[in-house]
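A.B. asks: Could you have a look at this structure, given as structure tokens, before my questions?
The values are calculated or read from the model by the stated rules, or taken from the named source; none is laboratory data. This is a predicted model, so every value here is computed, not measured. Quick reminder, even Gly has a Cβ in these numbers, built from the backbone with ideal geometry, and neighbours come from all protein chains shown.
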Amino acid sequence: MFCGFFECFWISLKLGLVSFGGPVAHIGYFRELYVERLGWLKEERFAELMALTQFLPGPGSSQLGAAIGYERGGWLGGVGAWLGFTLPSALAMIVFAIGMGGIQEWLGDGWLHGLKLVAVAVVAVALLGMRKSLCPRLPEMLLALIALVIIYTVPQAWVAPVVILIGGVMGWLIFGRSIAVVESVPRLKSESNKSVWMRNVLPAASVMVVLMLVPVIFPHSSAVKGLGGLLHAGALVFGGGHVVLPLLETSTVDAGLMAEDTFLAGYGAAQAVPGPLFTFGGFLGAGMNLFGNVWLSGALGIITLFLPGMVLLAGGLPIWDRLKHFSWARAGVRGANATVVGVLGAALLGMLTGGSVHGFMDAVAILILALVIYFKWLPVWAIVILAAVTGGCIM
């Protein structure tokens, strides 16, 4: 049992050291490692988990990594995968809060630009692979294209979950009659249903209620007030990553717990570290120093911001694993998977047009990096380091 924890922790720790580029790029890194290299899960299952984590509030890429760890080693594997992926950037953000300075002042912007180009290449290769396996025919390709246009045209965090849901309904309508149940599944007993609710859904719901009530029960505690703001941000934001920042600013700067300059300095540092952007919670916790110790405050800031999304994942994943065996659910997944490809395509288009790419030489660099990744000429971690060093030397 603990072997699963340590295996998932070690693999995801190495990934957390090199996963630059934000949540969209993380999906590409996850797919390249867990689907292509290690074979821990198939492309279809990867898309299922990606779609599920898009529905849930919280840190999407971290939830996806934890779900993959769960596939490998149960809930201990999920905890190990989350801890390993989060730990490097969490430590870095707490160190920044302690006062070691901004990373851009030390090294400049060139190395960071190189990392952005790697992120674009990783996402492009992931999109190509997922298109081949999840959109092999015209109906799926049309669903993906429609999803891409909608999400790129309306770049709001709530749009992606809605589009995936609509894709699932369209999949049920389009493929429901033709799809066959792959395996015969016995009729689910009411006792089994009760077990799922008692072991997963009810505890998850109870924990969420308690988390949301704590700030209300202790309204005069500045520490609880600060952590309560992080809790609400983690529980209410869809899309993860940069989407959570306005809520965090409201919970810290507007609440008078942190200066705006400090908040923005931490946000800048968060762009320079690998792993999930939600580890910004470590900087905020340490910066507010709610409990008289920056390391304790930073750790609690991270846990508090991540916890709601992980609790929702713990409640939602077992339910989905039971529903997916029905033919109508499998047809819906087929449509949802196709729209997931469109979601990733819209994200890639946003990266290409959002300032990550500057001119012809950047485009050539992305093409070369994508070829290296696609043909596996070098491991991804080596490509990340090479691009950072090259960018730092050239720019």
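A.B. asks: What are the residue pairs meeting all of these: first residue in region 156-184, first residue at pLDDT 65 or above and loosely packed, with under 13 Cβ neighbours inside 10 Å, second residue of a type in the set (Gly, Ala, Ser) and not in a helix (DSSP H, G or I), Cβ atoms under 9 Å, and 6 or more apart or on different chains?
C.D. replies: Qualifying pairs under 9 Å: 156/239; 158/239.
A.B. asks: Could I ask something else about it? Modelled with pLDDT under 90, part of a helix (DSSP H, G or I) and either basic (Lys, Arg) or more than 24 Å from residue 295 (Cα to Cα) (or both) - does that describe any residue in region 56-66?
C.D. replies: Yes, region 56-66 has at least one match.
A.B. asks: Looking at residue 81, is it assigned to a helix (DSSP H, G or I), in contact with a Ser or Thr (Cβ under 9 Å, 6 or more places away or on another chain) and modelled with pLDDT under 90?
C.D. replies: No, not satisfied.
A.B. asks: If the requirement is being under 26 Å from the mean Cα position of the chain (by Cα), more than 22 Å from residue 133 (Cα to Cα), of a type outside the set (Asp, Glu) and assigned to a helix (DSSP H, G or I), which of these qualifies: 348, 344, 352?
C.D. replies: Exactly one of 348, 344, 352 is under 26 Å from the mean Cα position of the chain (by Cα), more than 22 Å from residue 133 (Cα to Cα), of a type outside the set (Asp, Glu) and assigned to a helix (DSSP H, G or I), namely 352.
To keep it simple, each residue is scored yes or no on (1) more than 26 Å from the chain's Cα centre (by Cα); (2) modelled with pLDDT under 80; (3) in a helix (DSSP H, G or I); (4) closer than 19 Å to residue 315 by Cβ.
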residue	(1), (2), (3), (4)
211	no, yes, yes, yes
232	no, yes, yes, yes
274	no, no, no, no
303	no, no, yes, yes
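A.B. asks: Another question, then. Go over the candidates 68, 98, 11, 27 one by one and state the one that is among the aliphatic types (A, V, I, L, M), surrounded by fewer than 19 Cβ atoms within 10 Å (Cβ to Cβ) and in contact with a helix residue (DSSP H, G or I) (Cβ under 8 Å, 6 or more places away or on another chain).
C.D. replies: Sole residue among the options that is among the aliphatic types (A, V, I, L, M), surrounded by fewer than 19 Cβ atoms within 10 Å (Cβ to Cβ) and in contact with a helix residue (DSSP H, G or I) (Cβ under 8 Å, 6 or more places away or on another chain): 98.
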